[in-house]
1. Do we have any residue at all in the range 94-102 that's over 22 Å from Ala48 (Cβ atoms) and either of a type in the set (A, V, I, L, M, F, W, C) or open to solvent by less than 30 Å² (accessible area, probe 1.4 Å) (or both)?
2. Among the residues of the range 140-171, how many are surrounded by fewer than 18 Cβ atoms within 10 Å (Cβ to Cβ) and in contact with a Gly (Cβ under 7 Å, 6 or more places away or on another chain)?
3. List every residue pair whose Cβ atoms lie under 6 Å apart, where the two residues are 6 or more positions apart in sequence or sit on different chains, the first residue falls within the range 29-47 and is without any contact (Cβ under 8 Å) to a residue 60 or more places away in the chain, and the second residue, located anywhere, is not in a loop (DSSP other than H, G, I, E, B).
4. Can you say whether Arg239 is modelled with pLDDT of 95 or more, under 26 Å from Val109 (Cβ atoms) and not polar (S, T, N, Q), as far as the supplied structure shows?
5. May I ask you to verify whether Leu210 is hydrophobic (A, V, I, L, M, F, W, C), under 24 Å from the mean Cα position of the chain (by Cα), part of a helix (DSSP H, G or I) and under 29 Å from Leu65 (Cα atoms)?
6. Quick one: would you say Ala40 is open to solvent by 30 Å² or more (accessible area, probe 1.4 Å) and hydrophobic (A, V, I, L, M, F, W, C)?
7. Can you work out which of the residues in the range 172-197 that are assigned to a helix (DSSP H, G or I) and closer than 26 Å to Gly217 by Cα is least open to solvent (accessible area, probe 1.4 Å)?
Amino acid sequence: MKDMQPPHLDQSRVQQSFRRGLESYHGAASVQAGTAGHLARMLQDQGAQRHFGSVLEFGCGTGHLTRNLLQRFGTDSLILNDLVPEAAQVMQTLERATQAKIRFRSGPVESLPLPQDLDLIASASTVQWIPDPRALMARLAMHLKPGGWLALSGFGRGQFHELAALGSTAAAPSYLDADEWPSLLPDGLEIQAIEQRTVVLEFDSALDVLRHLRQTGVNGNAQQGWSRRQLRLFEDAYRERFGQGGKLPLTYDPVLLVARRTG
C-alpha cells in the first residue's frame with residue numbers, strides 16, 4: 001500500500017472549521033451533496049433491502065446523505081453522529097418527515113459508543129478525516145450484523161491537487177484511492193461496488209477558492225490566515241500553473257464504496 005503516514009490532525013481545529021461553516025455548508029458543498037445522492041443510489045443498486053431495522057450515520061453534517069437515505073429506505077432507528085454538536089439541528093426537520101426514532105450523538109466516531117447488530121452504517125465525505133481508517137473499519141465491522149451493509153465515501157489522492165502543488169499542508173489525513181480500500185477492510189467485510197470519479201469546480205479568483213473552502217469547512221487542517229500580499233502571490237502562482245480561460249480549477253476526487261458483512 002502507498003505511504004499512509006498522515007499529517008498531524010488537530011481535531012479541535014477541524015471541529016471549529018466545520019462549526020464555522022455549518023450554516024453555509026449545505027448550499028456551498030455541491031460536490032458533497034452530489035456524492036451523497038450517488039452513494040445512496042449505489043446502495044440501492046447493490047440490492048440493499050428497502051427497510052433497515054437500525055442505522056448509524058457518522059459525519060452527518062447538514063444531512064445531505066441522511067435525506068437521500070430516507071428518500072430511498074425506511075428505518076426503525078437512526079443514530080446520527082457528527083463531530084460538531086450543532087449538527088443536531090438536522091434532526092429538527094427530519095423528525096417531521098419520518099416515523100423513524102432518531103437520536104443524535106456528538107463526538108469522534110472512533111470512540112463513540114455504538115450499538116451491536118446494526119443493519120447499515122453509512123457516511124459521506126467524512127472518512128478522509130479519520131487518521132486511522134483501518135482501525136475504524138475493523139471497529140465498524142464488529143457492530144454490523146451478518147448481512148449488514150456499509151456505505152461510505154471519502155476522497156482520493158487527487159483531492160485538491162492544485163492546492164497541494166502550491167504548497168498547502170491543509171490536507172485531510174486519509175485521502176485514499178479506490179485501489180487502496182480493499183486492503184483496509186477486515187475479513188468478512190466484502191466490497192460490493194466501488195467508484196472513483198473526479199469533479200472539477202471553477203472559480204473566478206483565488207479569493208473565491210478560499211471562500212469556498214471556508215464555507216464548506218474542508219480547510220479544517222489549515223494552519224494560517226492570509227495577508228494581502230500572500231493572497232496576491234497565491235493568486236499569481238495559481239493562475240500561472242493551473243489557470244484556464246480566466247478560471248481557477250479546484251479538483252475534488254470522490255471515492256464511494258458499498259460493502260457487506262458476510263459473516
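1. Within the range 94-102, the first condition is being over 22 Å from Ala48 (Cβ atoms), and the residues that meet it are 95-96.
Keeping just the survivors that are either of a type in the set (A, V, I, L, M, F, W, C) or open to solvent by less than 30 Å² (accessible area, probe 1.4 Å) (or both) gives none.
For the range 94-102, residues over 22 Å from Ala48 (Cβ atoms) and either of a type in the set (A, V, I, L, M, F, W, C) or open to solvent by less than 30 Å² (accessible area, probe 1.4 Å) (or both): absent.
2. Result for the range 140-171: 1.
3. Final answer for the pair search is Ala33/His64; Gly37/Asn68; Gln44/Arg72.
4. Working: modelled with pLDDT of 95 or more: yes; under 26 Å from Val109 (Cβ atoms): no; not polar (S, T, N, Q): yes.
For Arg239, the condition - modelled with pLDDT of 95 or more, under 26 Å from Val109 (Cβ atoms) and not polar (S, T, N, Q) - is not met.
5. Values: hydrophobic (A, V, I, L, M, F, W, C): yes; under 24 Å from the mean Cα position of the chain (by Cα): yes; part of a helix (DSSP H, G or I): yes; under 29 Å from Leu65 (Cα atoms): yes.
Yes: the conditions hold for Leu210.
6. Values: open to solvent by 30 Å² or more (accessible area, probe 1.4 Å): no; hydrophobic (A, V, I, L, M, F, W, C): yes.
For Ala40, the condition - open to solvent by 30 Å² or more (accessible area, probe 1.4 Å) and hydrophobic (A, V, I, L, M, F, W, C) - is not met.
7. First, the residues of the range 172-197 that are assigned to a helix (DSSP H, G or I): 178-180, 182-184.
Checking the rest, the ones that are also closer than 26 Å to Gly217 by Cα come to 178, 180.
Details: Ala178: 21, Glu180: 6 Å².
Only one residue tops the list, namely Glu180.
The rows are residues; the columns are (1) more than 30 Å from Ser205 (Cα to Cα); (2) touching a strand residue (DSSP E or B) at 6+ places or on another chain (Cβ under 6 Å); (3) among the basic types (Lys, Arg); (4) at pLDDT 95 or above.
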residue: Leu70; (1), (2), (3), (4): yes, no, no, no
residue: Gly74; (1), (2), (3), (4): yes, yes, no, no
residue: Arg103; (1), (2), (3), (4): yes, yes, yes, no
residue: Pro115; (1), (2), (3), (4): yes, no, no, no
residue: Asp132; (1), (2), (3), (4): yes, no, no, yes
residue: Leu136; (1), (2), (3), (4): yes, no, no, yes
residue: Gln159; (1), (2), (3), (4): no, no, no, yes
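The values are calculated or read from the model by the stated rules, or taken from the named source; none is laboratory data. What you see is a predicted model, and the numbers here were worked out from it, not measured in a lab. No Cβ is skipped: glycine too gets one built from the backbone with ideal geometry, and neighbour counts run over all protein chains shown. Accessible surface is based on the protein model in full, side chains and every heavy atom, while ligands, DNA and RNA are left aside. Shrake-Rupley method; radii C 1.70, N 1.55, O 1.52, S 1.80 Å.
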